Amino acid sequence: MKNRIKTKMIKIFSGNRETRLTVQVADTHRKREKGLMFVGKLPENEGMLFVYPEKIYGGFWMKNTFIPLSIAFLDWDGEILRILDMMPCIDDICPTYDPGISYQYAIEVNLGWFDKNQIKEGDYVKVY
């Protein structure tokens, strides 16, 4: 059972609204590196939470990722700093989606999920 992915419930607070999302937790280098590669379908209210031991700079790429995703970059206290949309890439060279800021967490979901749930930059995420 080594390297098994944990799941957690997170709540996203946007004004008076609260939206729940079940996430797989990628909290090791190996899990973060694999991310959602080779996943053919992501259920509606599920995603992946990337956890870093300290703030980092840099972006994500979609190499061997088959589904379009939206990604939110968060600071250490859970504030959503930036949201980007990312397209699948099976080529040898894939673009990097860089938020241009430092962050400590990132959440990947199906493309458009944040918009559909009226979640925006400045909203807050709490992990349970």
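Quick note: the coordinates plus some simple rules give every number you see, no bench work behind them. What you see is a predicted model; the values in this text were computed from it and never measured. Every residue, glycine among them, receives a Cβ derived from its backbone with ideal geometry; neighbour counts consider all protein chains shown.
What to note about this one:
- Span from the segment 98-122 Cα centroid across to the segment 38-83 one, whole angstrom: 7 Å
- Protection proxy ranking of 64-72, 14-22 - average other beta-carbon atoms within 10 Å, highest first: 64-72, 14-22
- Highest-first packing order for the peptide set 36-43, 103-110 is 103-110, 36-43, based on the mean count of other beta carbon atoms within 10 Å.
- By the beta-carbon count within 10 Å of each Cβ, the least crowded to most crowded order of Tyr52, Tyr128, fewest first, is Tyr128, Tyr52.
- Near Met87: Cβ cut-off under 14 Å, other residues only, Lys/Arg at +1 and Asp/Glu at -1. The net charge is -2.
- Lysine pairs within segment 6-127, Cα separation less than 13 Å, 8 or more sequence positions apart or different chains: 4
- Shown here are the Rg and Dmax of the Cα trace of the chain, at 13.7, 44 Å.
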